[in-house]
């Protein structure tokens, strides 16, 4: 398990709650809870992870292509 800590300043609980939610979102806690709501067969889990990896690779390639296009356009 991981440890998340949020400081409450000036009794502003709403701001601390927003910060906590943002941290939990970044850590992937909500996503993990959603996935654990039901049983996922090992074959489905493997397929989902493979699809996620493909999605991440495509996104990375897209960002690289944009960066390269921006660099070549900026040098002119």
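Within the range 38-53, identify whether any single residue is part of a helix (DSSP H, G or I), in contact with a helix residue (DSSP H, G or I) (Cβ under 8 Å, 6 or more places away or on another chain) and on the phi < 0 side of the Ramachandran plot, and answer yes or no.
There is no residue in the range 38-53 that is part of a helix (DSSP H, G or I), in contact with a helix residue (DSSP H, G or I) (Cβ under 8 Å, 6 or more places away or on another chain) and on the phi < 0 side of the Ramachandran plot.
Would you check which residues across the range 28-71 are modelled with pLDDT under 90 and in the same structural domain as residue 5 (by TED's automatic domain parsing) and list them?
The one that is modelled with pLDDT under 90 and in the same structural domain as residue 5 (by TED's automatic domain parsing): 28.
The values are calculated or read from the model by the stated rules, or taken from the named source; none is laboratory data. Keep in mind it's a predicted model, so treat the numbers as computed, not measured. Backbone-built Cβ (ideal geometry, glycine too); neighbour counts: all protein chains shown.
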